[in-house]
Amino acid sequence: MKVALVNLPHREPMMRRYVASYHAPNFLLPPMELMGLGAIVREWKGGEAVLIDAMAERLSCRDVVDRLRPFEPDLLVTMTGFYIFGDDMAALAEVAQGLPNTRIACFGYFPTMFPREVCEQGPADIVFTDEPELAFSETYDRLAAGQSPAGVAGVAFREDGAVTVNPRRPRITDLDSLPFPDHSLVNLDLYNESFLDRPIAMVMTSRGCPMPCIYCVRTFGRQLALRSAENVLEEIAGLVHGHGIRNIRFMDDTLAVSRDRAERIFTGLIERGLDINWTCLTRLDTLDADLLALMRRSGCRRMYLGIESGSQRVLDRLRKRLTVDQVERQVRLVRRAGIEASAFFIVGSPGETESDLGRSIALAKRLDVDYIIVTQIQAWPGTDLWEQWKDRVRFSLFPFRLEWDERRDLAAWERRFYREFYLRPSYILRRLRDFRAARSDLLLGAGKLLAYLLRRETHDFI
């Protein structure tokens with residue numbers, strides 16, 4: 001059976017992930033989840049798979065159809081985004097219209113939350129809920145045998161005009177049993193992380209997050225599932241020796257949550273001579289000086305840190321389980337270890353005032369981190385924040401709409417935060433020193449950042 005995996009086009013370069021979708025002018029990562037399904041087709045099934053990343057190649061829906069017609073796929077699978085969900089459904093409908101003999105499947109956060117509605121009102125014949133790998137694998141076998149996915153856990157499907165939603169599938173706890181994402185399906189030279197060399201690959205060593213923050217979506221749930229250190233190191237070795245990768249982004253919600261396993265991964269990178277630069281997202285309260293020193297020796301170049309606010313009152317309302325004093329101490333440790341610090345901040349949290357915003361900006365300046373990423377608070381269905389705000393939210397899936405009564409100009413807050421941080425003379429001078437010996441594409445990235453800061457409207461910058 002032939003499977004087409006498609007990262008749908010969009011007017012702006014978007015990154016679709018289980019936990020977020022965002023536009024970043026300096027940053028594009030490969031579609032890891034689709035590459036994982038491609039590995040199942042090729043390694044487990046011995047089938048044919050192609051992956052078209054219309055986002056990276058800047059293709060239109062018509063381009064995608066023209067590419068796929070000679071291949072004649074039996075099944076097309078895509079992943080949907082968050083606030084671009086409506087655009088994704090329109091793009092998928094256009095592609096499906098051009099491939100009338102191809103079954104259409106999708107997965108992602110909203111398909112997981114609303115599988116019946118997506119099958120009934122969208123262009124998808126099949127929806128994979130939660131983690132898609134095992135549900136996709138069983139569905140592949142059923143379709144190859146000329147059968148429907150009736151009874152396959154974690155699947156909703158439309159057949160003869162009727163929609164069936166099968167029971168949810170339990171979490172995948174043995175992540176070592178899954179194949180590594182197939183990086184040969186894409187052109188890795190198309191991807192980069194801000195101000196780092198190309199090419200870059202993504203590695204996810206765990207799923208789930210046990211933290212109680214009220215704003216995060218949890219497609220994987222609170223329960224942690226961990227790959228073994230040996231399995232992670234085997235994947236990285238294959239990327240280094242098989243694909244020439246020297247830059248890796250760990251995609252875990254918090255990489256160092258299991259201290260012993262994290263140390264085995266970092267020590268293994270050193271002992272195996274895997275000379276890479278890597279970046280990660282982790283919680284500040286999982287770090288100390290010894291672990292940071294080991295991370296730096298193993299190649300850690302940059303950490304993304306969820307700080308969110310400089311107001312303790314706001315942090316407590318977000319259930320962040322961090323104090324401002326703790327943030328300051330821990331970020332100093334990161335900087336002393338020689339690791340870049342990139343800090344996430346949120347504006348518009350419940351009860352946040354302009355005074356709280358000022359505290360956040362002051363904290364970012366005081367920390368003098370290398371980069372900041374400022375986003376407006378989002379109340380996604382299924383989050384604890386949604387439960388608090390749902391009476392003031394106007395939401396519909398078809399047509400897609402997610403708005404709430406908001407008297408504060410959060411776009412102005414976001415712009416103010418970015419400009420007050422990035423347009424400081426001291427910051428500009430420091431960055432100019434960093435870029436003096438930089439390659440031309442890194443200088444171009446700095447130019448994009450400056451142009452971005454001077455725009456009237458903003459999008460996520462990472």
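The values are calculated or read from the model by the stated rules, or taken from the named source; none is laboratory data. Not measured: the values here are computed from a predicted model. Don't worry about glycine lacking a Cβ; one is built from the backbone with ideal geometry, like all the others, and counts go over all protein chains shown.
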* Note down all Cβ pairs under 7 Å where the first residue falls in segment 164-176 and is closer than 16 Å to MET113 by Cβ, the second is among the acidic types (Asp, Glu), and they're at least six residues apart or on different chains. => ARG168/ASP130; ARG169/ASP130
* Complete set of residues in segment 73-94 that are assigned to a helix (DSSP H, G or I) and within 21 Å of the chain's Cα centre (by Cα) -> PHE85, GLY86, ASP87, ASP88, MET89, ALA91, LEU92
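Has segment 342-353 got at least one residue that is assigned to a helix (DSSP H, G or I) and either of a type in the set (A, V, I, L, M, F, W, C) or touching a Lys or Arg at 6+ places or on another chain (Cβ under 9 Å) (or both)?
Quick first cut of segment 342-353, residues assigned to a helix (DSSP H, G or I) only: none.
Scanning segment 342-353, I find no residue that is assigned to a helix (DSSP H, G or I) and either of a type in the set (A, V, I, L, M, F, W, C) or touching a Lys or Arg at 6+ places or on another chain (Cβ under 9 Å) (or both), so the answer is no.
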* Within segment 388-397, identify whether any single residue is within 19 Å of TYR109 (Cα to Cα), without any contact (Cβ under 8 Å) to a residue 12 or more places away in the chain and part of a helix (DSSP H, G or I), and answer yes or no. => yes
* Report the residue count in segment 95-109 for those that are under 21 Å from SER137 (Cα atoms) and not in a loop (DSSP other than H, G, I, E, B). => 6
* Structure fact -> Taking segment 257-275 and the residues there that are among the aliphatic types (A, V, I, L, M) and buried (at least 18 other Cβ atoms within 10 Å of the Cβ), the one that is farthest from GLY244 (Cα to Cα) would be VAL257
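For segment 369-385, give me each residue that is within 16 Å of VAL347 (Cα to Cα) and crowded, with 17+ Cβ neighbours inside 10 Å.
Step one: list which residues in segment 369-385 are within 16 Å of VAL347 (Cα to Cα), which gives 372-380, 385.
Residues satisfying the conditions are ILE372, ILE373, VAL374, THR375, ILE377, GLN378, ALA379, TRP380, LEU385.
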* Asked: Looking at (1) touching a residue at least 40 places away in the same chain (Cβ under 8 Å); (2) over 30 Å from PHE82 (Cα atoms); (3) within 21 Å of the chain's Cα centre (by Cα), which is the one condition that is false for PRO199?
  -> (2)
* **Index of the failed condition, TYR18 passing every other in (1) modelled with pLDDT of 95 or more; (2) of a type in the set (Ser, Thr, Tyr); (3) buried (at least 20 other Cβ atoms within 10 Å of the Cβ)** => (1)
* Asked: Quick check: is even one residue across segment 108-115 under 23 Å from ALA201 (Cβ atoms) and surrounded by 16 or more Cβ atoms within 10 Å (Cβ to Cβ)?
  -> yes
* Asked: Do any strands (runs of 3 or more DSSP E) entirely within segment 117-230 hold 2 or more residues that are surrounded by fewer than 20 Cβ atoms within 10 Å (Cβ to Cβ) and aliphatic (A, V, I, L, M), and if so, which?
  -> 162-165
* Asked: Filtering segment 396-408 down to residues that are surrounded by 14 or more Cβ atoms within 10 Å (Cβ to Cβ) and modelled with pLDDT of 95 or more, which residue is farthest from ARG116 (Cα to Cα)?
  -> PHE400
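Based on what the data block shows, is PRO30 crowded, with 19+ Cβ neighbours inside 10 Å and within 14 Å of the chain's Cα centre (by Cα)? Lay out the reasoning, then the answer.
Working: crowded, with 19+ Cβ neighbours inside 10 Å: yes; within 14 Å of the chain's Cα centre (by Cα): yes.
It is true that PRO30 is crowded, with 19+ Cβ neighbours inside 10 Å and within 14 Å of the chain's Cα centre (by Cα).
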* So, of the residues in segment 413-430 that are surrounded by fewer than 17 Cβ atoms within 10 Å (Cβ to Cβ) and in a helix (DSSP H, G or I), which turns out to be nearest to the chain's Cα centre (by Cα)? -> ARG419
* To do: Give the residues of segment 350-368 that are buried (at least 19 other Cβ atoms within 10 Å of the Cβ), more than 12 Å from VAL324 (Cα to Cα) and in contact with a Phe, Trp or Tyr (Cβ under 8 Å, 6 or more places away or on another chain), sorted by residue number.
  => LEU357, ILE361
* To do: Take segment 99-140 and flag every residue that is touching a residue at least 60 places away in the same chain (Cβ under 8 Å), more than 19 Å from ILE172 (Cα to Cα) and either of a type in the set (Asp, Glu) or in contact with a Phe, Trp or Tyr (Cβ under 6 Å, 6 or more places away or on another chain) (or both).
  => PHE110, GLU117, GLN121
